[in-house]
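The values are calculated or read from the model by the stated rules, or taken from the named source; none is laboratory data. Owing to the predicted nature of the structure, the values given are computational and were not obtained by experimental measurement. Cβ coordinates were reconstructed from backbone atoms using ideal geometry, including for glycine residues, and neighbour counts include every protein chain displayed. Note: areas computed on protein heavy atoms with side chains; ligands, DNA, RNA excluded. Shrake-Rupley method; radii C 1.70, N 1.55, O 1.52, S 1.80 Å.
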Amino acid sequence: MTTAQKTSPASVYRSRTPASHEAFKRTGEVMPGVAKGAYYYAPYPVTIARAEGCHLYDVDGNRYVDFANHHTTQILGHNHPAVVRAVERQLEQGIAVAGPMGTETALAEALCRRVESLEMIRFCNSGTEATLHAIRLAREYTGRHVIAKFEGGYHGSHDAVEISTSPDLAKAGPADRPVPVASAGGMPPNATDNVVILPFDDEAAVEAIIEEKRDELAAVILDPKTGVIPQRLDFVKAVREITAKYGVLLILDEIVGFRASPGGVQSQCGILPDLSTYGKIVGGGFPVGAFGGRRELMSLLDPTQGKVRVFQSGSFSAHPVAMAAGHAMLEVLTPDVYERMDRLTDRLVDGLEGVFTRTGTVATAVASGSTFSIYFTRGPVRTYRAVAAADKGPVSDIYLSLLNRGYYLSNGLAMNCLSAAMNESHIDGLVAAMAEALEEN
Ligand SMILES: Cc1ncc(COP(=O)(O)O)c(C=O)c1O
């Protein structure tokens with residue numbers, strides 16, 4: 001029997017991480033709990049001292065294999081030499097200036113080459129901003145103002161989209177006719193008025209709702225929930241067909257989906273959205289967002305044609321360091337890199353499913369591309385309601401047990417991911433750690 005088996009995961013965790021506990025207490029004096037909401041898990045997060053390749057090192061000297069990869073952004077692992085070199089080169093030219101430096105054009109060209117639907121693109125600082133601007137464009141272009149989004153879809157933190165991201169089912173209405181529920185405090189009571197909620201994985205319900213609301217709808221925004229609530233590719237395709245049929249724009253949120261393949265989820269499905277939004281990996285680990293699509297739509301932003309119809313700027317938008325890092329990352333991300341990560345992800349999912357079967361655990365591992373989630377429920381998990389029905393009870397202990405064994409996942413065990421810096425030993429190590437964690441709890 002190991003020490004970890006004799007004591008609770010939380011007490012082992014505390015004994016391994018006293019310096020992180022001190023750092024947490026210090027942070028709490030000057031910030032409300034943590035530096036950002038996603039950092040928190042009980043009893044306190046580890047503070048990371050350093051990252052390298054597929055490893056993180058905390059301030060107590062513990063080493064972890066990193067399956068969180070900065071909320072999926074570090075697809076190559078940490079400090080890939082090509083990205084570091086590109087950043088260093090850019091820093092030698094200047095950190096940022098109030099004018100174009102050309103790095104933004106190089107990244108825009110790379111993205112437009114990679115994704116067929118992207119005729120033009122603009123950069124901003126986060127995925128949140130990307131979806132905000134894409135929605136504004138859709139509203140201005142169509143002259144309509146209602147947006148449809150999917151229950152459980154996440155598009156960042158602004159009032160138009162932080163609706164029904166993880167609603168209380170008691171307030172969420174019927175599964176095939178969900179009602180909008182504000183996800184954050186502080187939103188105006190009418191924030192839900194301009195939002196229609198669609199169910200994942202139900203083409204008939206989606207069509208019925210869109211047909212009914214077609215005259216008000218500017219756009220449907222779809223986050224295909226890559227590796228979190230992976231959608232059938234034929235469902236994504238059907239959403240494209242339905243939106244086109246009723247004259248509603250489709251905004252495909254590829255902020256995580258761009259991890260799924262070199263051209264994102266849209267190239268896997270063979271669809272052309274009207275607009276797409278990007279973030280995360282396109283900035284190489286630096287703050288970034290981007291939105292783009294048909295020239296006709298994007299030209300509403302063009303100041304060279306007289307008065308712009310939709311203004312977009314931002315002090316840090318198209319920041320040259322993020323542009324250089326993102327471009328360097330995309331150049332390394334060739335199709336064979338994706339294929340290798342996909343194979344490792346299949347190995348991981350098979351291994352985890354084997355562990356769940358052998359230990360009689362009601363759990364499932366879902367994945368798409370190199371992103372995966374673990375839920376304590378029987379699969380398949382294709383809707384928000386299936387995720388909501390999963391048992392949340394074991395999550396915290398299993399998460400801490402994995403940390404105690406040197407595996408750093410995303411703290412709800414959803415939206416974990418691989419990096420290209422990993423090999424079979426890291427995958428098999430996580431599978432073995434999961435078997436031990438389940439035995440311990
Ligand atoms: C699908 C999706 N869209 C939008 C966002 C928001 O991006 P950001 O956190 O850069 O604002 C996220 C963030 O996780 C996301 O997963």
**Asked** Applying the Karplus parametrisation 6.51 cos²θ - 1.76 cosθ + 1.60 with θ = phi - 60° to the phi angles of region 14-22, what ³J(HN,Hα) value in whole Hz is obtained for each residue in order, glycine and proline being reported as x?
**Response** 4, 5, 8, 10, x, 5, 5, 4, 4
**Fill in**
Tilt, helix 395-404 to longest principal axis of the chain (alpha-carbon atoms), in degrees rounded to tens, equals 60
**Fill in**
HN-Hα couplings for region 423-433 via Karplus (6.51, -1.76, 1.60; θ = phi - 60°), in whole Hz with x for Gly/Pro, come out as 9, 4, 5, 6, 5, 5, x, 5, 4, 5, 5
**Asked** Between 288, 67, 387, whose Cα lies farthest towards the positive end of the dipole of the chain when Lys and Arg beta carbons carry +1 and Asp and Glu beta carbons carry -1, centred on the Cα centre?
**Response** 288
**Between 0 and 90°, nearest 10: helix 103-114 axis offset from the chain longest Cα axis** = 90
**Complete:** Ranked by GNM mean-square fluctuation in the chain (Cα springs under 10 Å), the top entry among 417, 54, 269 is 269
**Item:** Spacing of the two label points (7 Å from each Cα toward its C-beta) at residue 97 and residue 244, in nm
**Value:** 4.4
**Prompt:** Which listed residue (156, 196, 166) has the Cα farthest towards the positive end of the charge dipole for region 136-197, taking +1 on Lys and Arg C-beta and -1 on Asp and Glu C-beta about the Cα centre?
**Reply:** 196
**Item:** Between helix 320-332 and the chain: long-axis angle, C-alpha atoms, 0 to 90°, nearest 10
**Value:** 70
**Asked** Which whole-angstrom value gives the distance between the alpha carbon centres of region 205-259 and region 266-289?
**Response** 15
**Prompt:** For labels at residue 359 and residue 316 in the simple 7 Å Cα→Cβ model, what's the distance in nm?
**Reply:** 3.9
**Asked** Got a sec to turn the phi values of region 333-338 into Karplus ³J(HN,Hα) couplings, 6.51 cos²θ - 1.76 cosθ + 1.60 with θ = phi - 60°, whole Hz, x for Gly and Pro?
**Response** 7, 7, x, 5, 5, 4
**Request:** Could you tell me which of the pairs 149/237; 225/392; 171/245; 171/392; 237/392; 225/280 are separated by over 22 angstrom between their Cα atoms in the structure shown?
**Result:** 171/245; 237/392
**Message:** Which of 195, 282, 59 ends up with the largest GNM mean-square fluctuation for the chain, with Cα atoms connected below 10 Å?
**Reply:** 59
**Message:** Within region 169-205, name every residue whose backbone N is under 16 Å away from a label modeled 7 Å from Cα of residue 145 along the Cβ vector.
**Reply:** 188-196
**Request:** Only Lys, Arg, Asp and Glu count, each charged at its Cβ (+1, +1, -1, -1), so figure out the dipole size of region 61-210 about its Cα centre, rounded to 20 debye.
**Result:** 380
**Prompt:** At 222 nm, what helix-only mean residue ellipticity would the chain give, in deg cm²/dmol to the nearest 500, using -39500 (n - 2.57) for each DSSP H run of four or more?
**Reply:** -12000 deg cm²/dmol
**Item:** Solution diffusion estimate, µm²/s, Stokes-Einstein, the chain, Kirkwood Rh from C-alpha pairs, 20 °C, viscosity 1.002 mPa s
**Value:** 95
**Interchain or long-range residues, amide H under 5 Å from residue 368's placed H** = 227
**Request:** Order these peptides, 45-53, 124-132, by their mean beta-carbon neighbour count within 10 angstrom, highest first.
**Result:** 124-132, 45-53
**Asked** Among 230-236, 179-185, what's the highest-first ranking by average C-beta atoms within 10 angstrom per residue?
**Response** 230-236, 179-185
**Request:** Report the accessible area of residue 11, computed with a 1.4 Å probe over the heavy atoms of all protein chains in place, in Å² rounded to the nearest 10.
**Result:** 50
**Asked** Using 1/(1 + (r/R0)^6) with R0 = 30 angstrom and r between the beta carbons of residue 425 and residue 232, what's the FRET efficiency to the nearest 0.05?
**Response** 0.40
**Message:** Considering only protein heavy atoms and a probe of 1.4 Å, how much of the accessible area of region 39-194 is carbon and sulfur, as a whole percent?
**Reply:** 51
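With a 1.4 Å probe and every protein chain left in place, work out the accessible area per residue of the chain in Å², rounded to a whole number.
Numbers: 18600 Å² over 441 residues.
Spelled out: the 1.4 Å probe surface of the chain, per residue, equals 42 Å².
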**Complete:** Placing +1 on each Lys and Arg Cβ and -1 on each Asp and Glu Cβ in region 81-332, then taking the dipole about the Cα centre, the residue among 183, 101, 256 whose Cα reaches farthest towards the positive end is 101
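Roughly how many debye, to the nearest 20, is the charge dipole of region 141-213 about its Cα centre, given +1 on each Lys and Arg Cβ, -1 on each Asp and Glu Cβ, and no other charges?
Values: 5 positive and 12 negative charges, 58 e Å.
The dipole of region 141-213 has a size of about 280 debye.
Just for the chain, what percent of DSSP beta bridges are antiparallel, to the closest 5? Spell out each step's value before the answer.
Details: 26 of 43 bridges.
Within the chain, antiparallel bridges account for around 60 percent of the total.
Roughly how big is the chain's charge dipole about its Cα centre, with Cβ charges of +1 (Lys, Arg) and -1 (Asp, Glu), in debye to the nearest 20?
Dipole about the Cα centre, nearest 20: 480 debye.
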**Prompt:** So between residue 158 and residue 113, what do we pick up on full extension, going 0.36 nm a residue minus the alpha carbon distance?
**Reply:** 13.2 nm
